[in-house]
Amino acid sequence: MRIILLGPPGSGKGTQAQLLVQRYGIVQLSTGEMLRAAVAAGTPVGLKAKEIMASGALVPDEVVVGIISDRIDQPDAKNGFILDGFPRTVPQAEALDELLKRKHLKLDAVIELRVNESALLNRVETRVAQMRERGEEVRLDDTPEVLTKRLANYRNQTEPLIHYYSERRKLSTIDGMMAIDEVTRAIHRQLLALGALEPKTHARSAAKAAPAKKARASKTATRKAAKKATKTARKPAKSAKKAVKSAVRGSKKTAKKAGKKALTKTVKKAAKKAAKKTAKKAVKKGAKKAAKKVTKKRAKR
Ligand code: AMP
């Protein structure tokens, strides 16, 4: 699976990418992280990028395209990857299309995390506070001033990608203002809907889907039970007959017992009614017969 996470700084791309990495066993390719590592290692790329990054501007396209192209070729990216922070401009997106084509790889989805700009500053402030708490080094570009510049860059240079990918029918937009796990679930659902998940990668979701399977099974069971109930419902006629016979024999109690025994719960009511009716009739008939007998006897006398 190969996906792109798109969103302004502070939208949660990094957090979601890490969660997706754990879930699907693919790698996160974050150009920001790679550039920071290059800066820390003092490589030629790092030396080039250092000042640019500190100011909140974008590193030249050819630099990031080069590092992404090399990274995709590494063995751990064979299973798939999440691009986080790349592409950031339309020329980068075009270069990515080109290099994926060359490598015979397909892009499955572009997930845009949509957030309120007003919440972004807060989020970045929280991130800085948490990093300080953990004793981690705080990013040089996580200051309100630089963030404003990064946001302006996003609007001007990265937002056009939303149109770029929606035209190519690759874009899925998700509400990035939801809680972290809700966003992860929404992304998962989207990837499932797009058919981007291979059976192995969504084993967990299959397990989660078990209740749905159960529900389907219980539906079938209900249908079977209903069929059975209909069959049993046809039986009251027999039991009613039995009840009637007993009633004719004059024993109302026996009639009730016989009827009751043969009836299932579902049809008890109906059968009772039927039995009562028929029993009444039978009793009447029986009474008439008896009356006739009596009259005959009397007449004989
Ligand atoms: P990020 O960690 O994604 O917020 O990136 C931090 C900084 O790295 C950005 O402000 C840019 O200066 C640089 N950067 C990261 N990715 C790119 C990219 N795709 N194109 C240009 N510059 C980038």
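Annotations
- Filtered by the rule that a residue be open to solvent by less than 50 Å² (accessible area, probe 1.4 Å) and out of contact with any Asp or Glu (no Cβ under 8 Å at 6 or more places or on another chain), the range 166-178 gives a lone residue, G176.
- Cross-chain or 6+ apart pairs with Cβ under 7 Å, the range 53-73 first and near the ligand (Cβ under 6 Å from one of its atoms), then open to solvent by 40 Å² or more (accessible area, probe 1.4 Å) and not in a helix (DSSP H, G or I): L58/R88
- Pair list, Cβ under 6 Å, 6 or more apart: the range 136-159 residue in contact (Cβ under 8 Å) with a residue 40 or more places away in the chain and of a type outside the set (D, E), other residue open to solvent by 30 Å² or more (accessible area, probe 1.4 Å) and part of a helix (DSSP H, G or I): L140/A54
- Residue within the range 143-164 that is within 26 Å of L107 (Cα to Cα), assigned to a helix (DSSP H, G or I), open to solvent by 40 Å² or more (accessible area, probe 1.4 Å) and away from the ligand (no atom under 16 Å from the Cβ) present: yes
- Selection status of G10, modelled with pLDDT under 95 and either of a type in the set (D, E, K, R) or within 25 Å of the chain's Cα centre (by Cα) (or both): yes
- Among (1) at pLDDT below 90; (2) within 24 Å of G80 (Cα to Cα), the one test that D141 misses: (2)
- From the list A93, A77, A109, the lone residue that is in contact (Cβ under 8 Å) with a residue 60 or more places away in the chain, in contact with a helix residue (DSSP H, G or I) (Cβ under 7 Å, 6 or more places away or on another chain) and closer than 20 Å to T15 by Cα is A109.
- All of L161, L113, L120 fail the test of being in contact with a Leu (Cβ under 8 Å, 6 or more places away or on another chain) and over 25 Å from I72 (Cα atoms), apart from L120.
- T43 falls short on exactly one of the conditions (1) within 13 Å of the ligand (Cβ to nearest atom); (2) without any contact (Cβ under 8 Å) to a residue 24 or more places away in the chain; (3) among the hydroxyl-bearing types (S, T, Y), and that condition is (1).
- Yes/no for F81 being at pLDDT 95 or above and either under 19 Å from L197 (Cβ atoms) or basic (K, R) (or both): yes
- Members of the range 79-107 found to be more than 15 Å from the ligand (Cβ to nearest atom) and among the small types (G, A, S), listed by number: G80
The values are calculated or read from the model by the stated rules, or taken from the named source; none is laboratory data. Since the structure is predicted, the reported quantities are computational estimates derived from the model, not experimental observations. Methodologically, a virtual Cβ is constructed for each residue, glycine included, from the backbone with ideal geometry; neighbour enumeration extends over all protein chains shown. These area figures cover heavy atoms from the full protein model, side chains too; ligands, DNA and RNA do not enter into them. Shrake-Rupley method; radii C 1.70, N 1.55, O 1.52, S 1.80 Å.
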